[in-house]
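The values are calculated or read from the model by the stated rules, or taken from the named source; none is laboratory data. What you see is a predicted model, and the numbers here were worked out from it, not measured in a lab. Virtual Cβ from ideal backbone geometry, glycine too; neighbours counted across all protein chains shown. Each accessible area value is taken on the protein alone, full model and side chains, heavy atoms only, with ligands, DNA and RNA left out. Shrake-Rupley method; radii C 1.70, N 1.55, O 1.52, S 1.80 Å.
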Amino acid sequence: MIAPLWMMGQKHKLTGQVLDNQGQPLPYVSVGVFNQKDSTYTKGAATEINGKFSVELPVGTYYALISFLSFETKTIKDIKISNQGVDLKKITMKPSIANLEEFELVEEKKLMELDLDKRVFNVDKDVTNQGANATEILDNVPSVSVDVDGNVSLRGSGNVRILINGKPSGMTGMSTSDALKQLQGNQIEKIEVITNPSSRYDAEGEVGIINIVLKRDKREGINGIINVDIGYPANYGGGANFTVKRKSFSVFSGYGINYRNSPGFSDSYQKFTYPDTSFSYTSESEMNRYTLNHNFRLGTEVFFSEKSSVTLSGNYSIGDGTNTSDLTYSDFDINNIAKQVVTRDEDEDKDLSNHDISLNYRKSFDQKDRLFTLDLQQSESKDFEHSTILQNNNVNSAENTQQRIFNNESSTNYLFQTDYIHPIKNGKLEMGLKATLREVVDDYGVAQFNDSINVWEYVDGFKNEVIYNEDVYAAYLMYGNKIKNFSYQLGVRSEYSDVKTNLTLTKEVNNRDYLNFFPSTHFSYELKKGNSLQLGYSKRIQRPRHWWLLPFFSFSDSRNNFSGNPNLNPEFSDAFELGHLKYWEKGSLLTSVYYRYTINVIERISFSDTEGITRRLPINLGFTNAVGVEFSGGYELLKWWNLRGSFNFFRQITEGNYAGVDYNSDALAWSTRINSKWTIKKKLNTQAAFNYDAPQNSPQGKTLSRYALDLGASIDVLKGNGTISFNAKDVFNTRKRRSISYGEYFTSESAMQWRSRFFRLSFTYRINQKKKRGEERNFNNFDDGGGEG
């Protein structure tokens, strides 16, 4: 039915009441209304306590799908809205017997969605991710690597910006690796990888941005997911996510708990060849980490009208852990004859907590694509560590020591942000302001027991308090337009950084401030037959992470120390990227060629002394040139077989000089991620994921290859409401970091495994969320990713 011109724009109500087969009202039933001509989703609602519903619709012809847990989905066709509303009166639902093949209101998303400027990975659809934390999930994402310490890198570089729901989080105010291990995977919906961000985003992050989007459901009614996990070595967890959506408001919540034991090891061989002496030693360490984490999430969105809403939300995480390490040194003389054995046993207690509180206002207008947003956020995090170390020497009892170490770190962050988009004919003008205020307080100390006077005494140079302040004020302006098949976007971002490091006990203060401009350009052209091209450029900055500025030496391994450098300057990069995206009916392929030029490159340089102590110090070494090509894609080989993956090959040349010594490297390296998924009889999914990172040279050595295979399987049960999953991580127990390093008077070979192979069994139960079978439909998925301003 085509409406007359005088009726266009009019809206009338579609009403009705949903009852069960006993004539009782059914509350919270999902009612979806679709255009009868092309089956596009128009609007939805949920029934009230009395079973009644009301949906306001434009003039047209529609059909309705009425769906509820344990009842057959009901279809009502030929609903004609003309000059008055339509009352469907009483609608009776029949109990479902075995109706898995009918449509239900949950999308079955693809594992990977490609765009020229962003790749989206729907990680909650990946069987091998069931029960995992954020670190383990990221390690399965193409282009992303996570080393055994939990450090994240993108395209071979660790200088990547990590956001949660499009914004910095209090979780990442502390160690990023620790924060990601706290975040449980049952709260993660998808991960977005942005390799060449526009001026809308923070300039932080040399190689781009990884945005972790948390789950939130915007369908009408009550929806939820409950999950339970059990694994070996000890890995127990569970959680739930619920959403209640009504006309004028929604409430969303989530909770996750996880307990796990992560056994690991490290070993190394160090050889020292000084002009007047030579010696060597081996070290072997066995580690166990026992952690218990809780994650809470609660929020509400209030709709003042169809075009304005306010969201208030909060996240809270708390955890504690016990870490043990048994380290053994075996010393040898110049003739490789054993001299002594030194053991060093550490017990550490760790307490973690963090929270975010966000207030977001969103206002759209009658003019299409015009939008105003305002965001306020306050976050805090705490990471308190207390440990005792007992050292024993089997030859020289004078080296037997008892030590106590504490490192109490807290962080407070404030974010103020506003963005505005104004359409201008076929184009859009975007602008925004942002202020990020951050303070980190790190109180640390190392005390050693003096048994001659029975007193604990601080070790010289190992007691201080550091207060680190980083305030960044930003503004951006961006314009984009499309002329037939050609699109362009031009932007510039300005950031003023005010950074201060204060060592309160020694009264050492370091102030730095700098004003920088970061231009960005993006051009794209749509070719025929599903082809498109994009060319992009952006200037990026990588500020020193606050722990790189702390002078504190780590003390767990007394012969391998790391200290910070308060005199570090930020890195600056110019990034260019050319991309080609090809779509087929059953797949897509994104090919990218990229180049980065970086100055003030921060590298960790190792030094040794005649006592066999190796110290690592971050410095601004020089510059790097990196060029690479990357392929990312997915294809449906058969109806029951989907394949996706990525391949990244790059060359990185680093040149620099420190203290009269040249530190140069020429690295040719590559990595690949392959994920294959098989579906058997629509209920059983099996999956395999293989990761490989090739050897890579560095200014002081080489990182050796690393590879791992993960397997997973899942089957739907309870008439499609439940899923049982099993996965095995690192099947061949090969996910280890192996490296060779060398300096003026030393060589070192080391291997480390932060967590050994493990197995996990998971059960998921969906409330009002049976899996959809059949074609995908657009159900107005809520994209909570947002964006930075």
Completion exercise
Given the conditions (1) in a strand (DSSP E or B); (2) out of contact with any Lys or Arg (no Cβ under 8 Å at 6 or more places or on another chain); (3) touching a residue at least 60 places away in the same chain (Cβ under 8 Å); (4) open to solvent by 40 Å² or more (accessible area, probe 1.4 Å), every one holds for Phe607 apart from (2)
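May I ask you to say which residue of Asn648, Asn642 is modelled with pLDDT of 90 or more, under 28 Å from the mean Cα position of the chain (by Cα) and closer than 30 Å to Trp584 by Cβ?
Details: Asn642 fails: modelled with pLDDT of 90 or more.
Of Asn648, Asn642, the one residue that is modelled with pLDDT of 90 or more, under 28 Å from the mean Cα position of the chain (by Cα) and closer than 30 Å to Trp584 by Cβ is Asn648.
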Exercise for the section: Could you grab the pairs with beta carbons closer than 6 Å, sequence gap of 6+ or different chains, first residue in segment 429-442 and within 15 Å of Arg543 (Cβ to Cβ), second one assigned to a strand (DSSP E or B) and of a type in the set (Phe, Trp, Tyr)? Expected result: Leu437/Tyr414; Val440/Tyr468
Practice task
Kindly indicate whether Ile619 is in contact with a strand residue (DSSP E or B) (Cβ under 6 Å, 6 or more places away or on another chain), surrounded by 16 or more Cβ atoms within 10 Å (Cβ to Cβ) and at pLDDT 85 or above.
Solution key: yes
Practice task
Determine whether Ser573 is at pLDDT 90 or above and either touching a strand residue (DSSP E or B) at 6+ places or on another chain (Cβ under 7 Å) or outside any strand (DSSP E or B) (or both).
Solution key: yes
Fill in the blank from the handout: The lone condition Asp574 fails out of (1) open to solvent by 30 Å² or more (accessible area, probe 1.4 Å); (2) among the charged types (D, E, K, R); (3) in contact (Cβ under 8 Å) with a residue 60 or more places away in the chain is (3)
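May I ask you to say which residue of Tyr473, Tyr414 is surrounded by fewer than 16 Cβ atoms within 10 Å (Cβ to Cβ), farther than 25 Å from Thr324 by Cα, touching a Leu at 6+ places or on another chain (Cβ under 9 Å) and hydroxyl-bearing (Ser, Thr, Tyr)? If you could, list the steps in order and put the result at the bottom.
Details: Tyr473 fails: surrounded by fewer than 16 Cβ atoms within 10 Å (Cβ to Cβ).
Answer to the check: Tyr414.
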Exercise for the section: Would you mind listing the strands (runs of 3 or more DSSP E) fully within segment 470-556 where at least 3 residues are touching a residue at least 12 places away in the same chain (Cβ under 8 Å) and within 21 Å of Pro423 (Cα to Cα)? Expected result: 486-503, 508-526
Completion exercise
Taking segment 664-684 and keeping only residues that are more than 25 Å from the chain's Cα centre (by Cα) and either open to solvent by less than 50 Å² (accessible area, probe 1.4 Å) or under 29 Å from Phe746 (Cβ atoms) (or both), one is left with Asn664, Ser665, Asp666, Ala667, Leu668, Thr679
Exercise for the section: Could you please give the count of residues in segment 363-391 that are under 30 Å from Gln402 (Cα atoms) and of a type in the set (A, V, I, L, M)? Expected result: 2
Practice task
Output yes when any residue across segment 2-15 is at pLDDT 80 or above, open to solvent by less than 30 Å² (accessible area, probe 1.4 Å) and of a type in the set (Val, Ile, Thr), and no when none is.
Solution key: no
Exercise for the section: Output yes when any residue across segment 279-301 is at pLDDT below 90, out of contact with any helix residue (DSSP H, G or I) (no Cβ under 7 Å at 6 or more places or on another chain) and open to solvent by 70 Å² or more (accessible area, probe 1.4 Å), and no when none is. Expected result: no
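Can you give me the number of residues within segment 39-73 that are part of a strand (DSSP E or B) and among the acidic types (Asp, Glu)? First the steps, then the outcome.
The initial filter retains those residues of segment 39-73 that are part of a strand (DSSP E or B), namely 41-46, 52-58, 60-67, 71.
Retained after the next criterion (residues that are among the acidic types (Asp, Glu)): 56.
Qualifying residue count for the region: 1.
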Handout entry: strands (runs of 3 or more DSSP E) completely within segment 157-276 that count 3 or more residues being at pLDDT 75 or above and touching a His at 6+ places or on another chain (Cβ under 8 Å)
Key = 249-274
Practice task
Any chance you could count how many residues in segment 233-257 are open to solvent by less than 50 Å² (accessible area, probe 1.4 Å), out of contact with any helix residue (DSSP H, G or I) (no Cβ under 9 Å at 6 or more places or on another chain) and among the polar types (S, T, N, Q)?
Solution key: 4
Handout entry: Cβ pairs under 9 Å, 6+ apart, first in segment 333-349 and outside any strand (DSSP E or B), second among the basic types (Lys, Arg)
Key = Asp333/Lys339
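Is there a residue in segment 579-598 that is over 30 Å from Leu643 (Cβ atoms) and either in contact with a Ser or Thr (Cβ under 8 Å, 6 or more places away or on another chain) or open to solvent by less than 10 Å² (accessible area, probe 1.4 Å) (or both)?
Kept after step one, since they are over 30 Å from Leu643 (Cβ atoms), are these residues of segment 579-598: 597-598.
From the residues that got through so far, the ones that are either in contact with a Ser or Thr (Cβ under 8 Å, 6 or more places away or on another chain) or open to solvent by less than 10 Å² (accessible area, probe 1.4 Å) (or both) too are 597-598.
Yes, segment 579-598 has at least one match.
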Completion exercise
With the first residue restricted to segment 81-92 and required to be in contact (Cβ under 8 Å) with a residue 12 or more places away in the chain and open to solvent by less than 90 Å² (accessible area, probe 1.4 Å), and the second required to be assigned to a strand (DSSP E or B) and among the basic types (Lys, Arg), Cβ contacts under 7 Å at 6 or more apart or on different chains are Gly85/Lys13; Ile91/Lys74
Practice task
Among residues belonging to segment 487-531 that are open to solvent by 60 Å² or more (accessible area, probe 1.4 Å) and of a type in the set (Asp, Glu), point out the one that is modelled with the lowest pLDDT.
Solution key: Glu526
Practice task
Test each condition in (1) touching a residue at least 60 places away in the same chain (Cβ under 8 Å); (2) part of a strand (DSSP E or B) for Gly612 and report the one that comes out false.
Solution key: (2)
Problem - Residues of segment 310-338 satisfying the condition of being surrounded by fewer than 16 Cβ atoms within 10 Å (Cβ to Cβ) and of a type in the set (D, E, K, R) - result: Asp320, Asp326, Asp333
Problem - Number of the exception - Leu704 against (1) out of contact with any Ser or Thr (no Cβ under 7 Å at 6 or more places or on another chain); (2) open to solvent by 30 Å² or more (accessible area, probe 1.4 Å); (3) closer than 30 Å to Glu603 by Cβ - result: (1)
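Determine whether Lys382 is among the charged types (D, E, K, R) and open to solvent by 30 Å² or more (accessible area, probe 1.4 Å). Show your work before the answer.
Values: among the charged types (D, E, K, R): yes; open to solvent by 30 Å² or more (accessible area, probe 1.4 Å): yes.
Criteria met by Lys382.
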Practice task
Restricting attention to segment 435-457, report how many residues are open to solvent by less than 50 Å² (accessible area, probe 1.4 Å), in contact with a Ser or Thr (Cβ under 8 Å, 6 or more places away or on another chain) and within 20 Å of Tyr473 (Cα to Cα).
Solution key: 2
Handout entry: Failed item, numbered, when Val661 is tested on (1) exposed (fewer than 15 other Cβ atoms within 10 Å of the Cβ); (2) of a type outside the set (Gly, Ala, Ser); (3) in contact with a Ser or Thr (Cβ under 9 Å, 6 or more places away or on another chain)
Key = (3)
Exercise for the section: Name the single residue, out of those in segment 730-765 being charged (D, E, K, R) and under 24 Å from the mean Cα position of the chain (by Cα), that is modelled with the lowest pLDDT. Expected result: Arg755
Completion exercise
Checked segment 235-263 for anything closer than 30 Å to Val55 by Cβ and β-branched (Val, Ile, Thr); matches are Thr243, Val244, Val251
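Please determine whether any residue of segment 356-373 is part of a strand (DSSP E or B) and either farther than 20 Å from Phe304 by Cα or free of Cβ contacts under 8 Å to residues at least 40 places away in the same chain (or both).
In the first step, residues of segment 356-373 are kept if they are part of a strand (DSSP E or B); the result is 356-364, 371-373.
So of that shortlist, the ones also either farther than 20 Å from Phe304 by Cα or free of Cβ contacts under 8 Å to residues at least 40 places away in the same chain (or both) come out as 356-357.
Yes, some residue in segment 356-373 is part of a strand (DSSP E or B) and either farther than 20 Å from Phe304 by Cα or free of Cβ contacts under 8 Å to residues at least 40 places away in the same chain (or both).
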